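Here is the structure we will look at.
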Amino acid sequence: MKTQKIIVTGGMGYIGSHTVVALINSGYSIVIVDNLCNSNIVVLKSISEITGVTPEFENIDLTDDNKTAQFFKRHNDAVAVINFAALKAVGESVQKPIWYYKNNLNILLNVLEGMENNAIKNVIFSSSATVYGLPDILPITEEAKTKRPTSPYGNTKKIAEEMMEDFLKVQPNFKGISLRYFNPIGAHESEKIGELPTGIPNNLMPFITQTAVGIRKELKIFGKDYATEDGTAVRDYIHVVDLAEAHVKALKRLLNSEANDNFEVFNLGTGVGYSVLDVVKSFEKTSQQKLNYSFEKRREGDVPELYANPSKANEVLGWNATLTLDDMTASSWNWEQKVRNS
Ligand code: NAD
Ligand code: UDP
């Protein structure tokens, strides 16, 4: 049987590259499209070293209508698209809202149009737990109402899901799945791919590892007065390798026509909430490093606690997160050291 071809937008990035590895290992043929605005061409070589396969790669800005239309025409034999491409820095999106709305929403519009014009009928979208805003009930199920996210970045996810829903309503033969990620951290065990933030990291894990290697002076923990066990905010951290596997399961559900509805959403988390101090303690244990940290006031827009009820993904996709918080902090630390020593 001919291998099925999957278009992966943003496949050179952090989550995309791990998913490309999982897809190749599951026998799919991949074409990555990415403009490298937040990734590096060396990732292609790393994917090839891990899997023994070099995926096709095209350097295209997906907000370019013409180039994207041509790209889809060239790859009209693809059976699905996984759309990772987006800008993702929350703080930057507050400063540059137009840039974020333009980039993230035009990418999705061009992707959906490319699918429509070339009868590529399946799409998976990278969404985020940010669409739940300040949750009323924890753990959060997919039934919870989405709310206006606090940042323009978050709002691009909410609007993108609504755009997909509207598109799929009038395209009953097309199917889409939106995956709502909680807090992806960690790196591939090969130490060949991982998160590579540019500039000062916004996110907790890269800030911890960069502090431990001495690039940052200390971690500032935002808030110690939350109504949580130790006063620091709680999140559902999920290993990027587990997250990548969920995409393979979601893809199989689409390609095997198992979906009940032509637009489905799934939470991707472990279901366990850890505080910032839990993450710091796990890092200190797995890395054998003492971390410099101090407490700061709460960060604006942060919710006290956010963790998933992942039962729907567990039962319907047959997917379970298997890696622990210690696996996550250990692999992030190995990756950081590898990056600094190469
Ligand atoms: P990333 O920045 O590492 O990867 C995104 C990729 O998209 C990059 O390689 C970038 O070069 C590419 N890209 C951006 N704009 C593009 C454009 N106009 N044309 C072509 N390529 C473009 O980010 P990531 O962490 O791998 O995130 C992947 C997806 O998951 C994003 O949609 C992100 O919003 C979403 N997400 C990420 C997290 C997280 O914590 N990392 C959490 C929830 C959702
Ligand atoms: N955080 C922190 N210091 C940092 C970065 C993050 O204390 O330098 C906290 C943040 O307040 C939140 C948690 O770590 O409670 C996870 O933040 P991150 O930005 O990684 O993800 P978010 O949940 O905001 O998407």
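The values are calculated or read from the model by the stated rules, or taken from the named source; none is laboratory data. If you're wondering where the values come from, they're calculated on a predicted model, not measured in any experiment. No Cβ is skipped: glycine too gets one built from the backbone with ideal geometry, and neighbour counts run over all protein chains shown.
Condition first: of a type outside the set (A, V, I, L, M) and either in a loop (DSSP other than H, G, I, E, B) or over 10 Å from SER294 (Cα atoms) (or both). Now tell me which residues in the stretch 210-229 satisfy that. Explain how you work it out, then say what you get.
Here is the first cut: in the stretch 210-229, the ones of a type outside the set (A, V, I, L, M) are 210-211, 214, 216-218, 220, 222-226, 228-229.
GLN210, THR211, GLY214, ARG216, LYS217, GLU218, GLY223, LYS224, ASP225, TYR226, THR228, GLU229, listed by residue number.
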Scanning the stretch 299-323 for residues that are under 23 Å from LYS285 (Cβ atoms) and loosely packed, with under 15 Cβ neighbours inside 10 Å gives THR322
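Looking at THR270, THR232, can you tell me which residue is at pLDDT 95 or above, within 16 Å of ligand 1 (Cβ to nearest atom) and part of a loop (DSSP other than H, G, I, E, B)? Lay out the reasoning, then the answer.
Working: THR232 fails: within 16 Å of ligand 1 (Cβ to nearest atom).
Sole residue among the options that is at pLDDT 95 or above, within 16 Å of ligand 1 (Cβ to nearest atom) and part of a loop (DSSP other than H, G, I, E, B): THR270.
Here is a yes/no grid of residues against (1) assigned to a helix (DSSP H, G or I); (2) modelled with pLDDT of 95 or more; (3) among the charged types (D, E, K, R); (4) at positive phi:
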residue	(1), (2), (3), (4)
ASN76	no, yes, no, no
TRP99	yes, yes, no, no
ILE107	yes, yes, no, no
ASP136	no, no, yes, no
TYR153	yes, yes, no, no
LYS158	yes, yes, yes, no
MET163	yes, yes, no, no
Scanning the stretch 273-321 residue by residue, those polar (S, T, N, Q) and at pLDDT below 95 turn out to be GLN289
When (1) of a type outside the set (Asp, Glu); (2) within 9 Å of ligand 2 (Cβ to nearest atom); (3) within 19 Å of ALA330 (Cβ to Cβ) are applied to ALA233, the one that fails is (3)
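Of all residues being assigned to a strand (DSSP E or B) and out of contact with any His (no Cβ under 9 Å at 6 or more places or on another chain) in the stretch 178-205, which is nearest to ligand 2 (Cβ to nearest atom)? Just the residue, please.
Step one: filter the stretch 178-205 for residues assigned to a strand (DSSP E or B), giving 178-181, 183-185.
Filter again for out of contact with any His (no Cβ under 9 Å at 6 or more places or on another chain), leaving 178, 180-181, 183.
Numbers: SER178: 17, ARG180: 12, TYR181: 9, ASN183: 5 Å.
So the residue we want is ASN183.
Just to verify a result, which residue in the stretch 142-177, among those that are of a type in the set (Val, Ile, Thr) and in contact (Cβ under 8 Å) with a residue 24 or more places away in the chain, is farthest from ligand 2 (Cβ to nearest atom)?
Step one: list which residues in the stretch 142-177 are of a type in the set (Val, Ile, Thr), which gives 146, 150, 156, 159, 170, 177.
Pick out the ones that are also in contact (Cβ under 8 Å) with a residue 24 or more places away in the chain and you get 150, 156, 159, 177.
Details: THR150: 10, THR156: 14, ILE159: 18, ILE177: 21 Å.
Only one residue fits best here, namely ILE177.
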* On the given criteria, is LYS45 surrounded by fewer than 24 Cβ atoms within 10 Å (Cβ to Cβ), among the basic types (Lys, Arg) and within 26 Å of LEU112 (Cβ to Cβ)? -> no
* For the stretch 289-297, indicate whether the set of residues that are part of a strand (DSSP E or B), surrounded by 16 or more Cβ atoms within 10 Å (Cβ to Cβ) and under 21 Å from the mean Cα position of the chain (by Cα) is non-empty. => no
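Pick from ALA69, ALA89, ALA85: which is at pLDDT below 95, within 15 Å of ligand 1 (Cβ to nearest atom) and small (Gly, Ala, Ser)? Quick ask: steps written out before the conclusion?
On the way: ALA69 fails: at pLDDT below 95; ALA85 fails: at pLDDT below 95.
Only one candidate passes the filter, namely ALA89.
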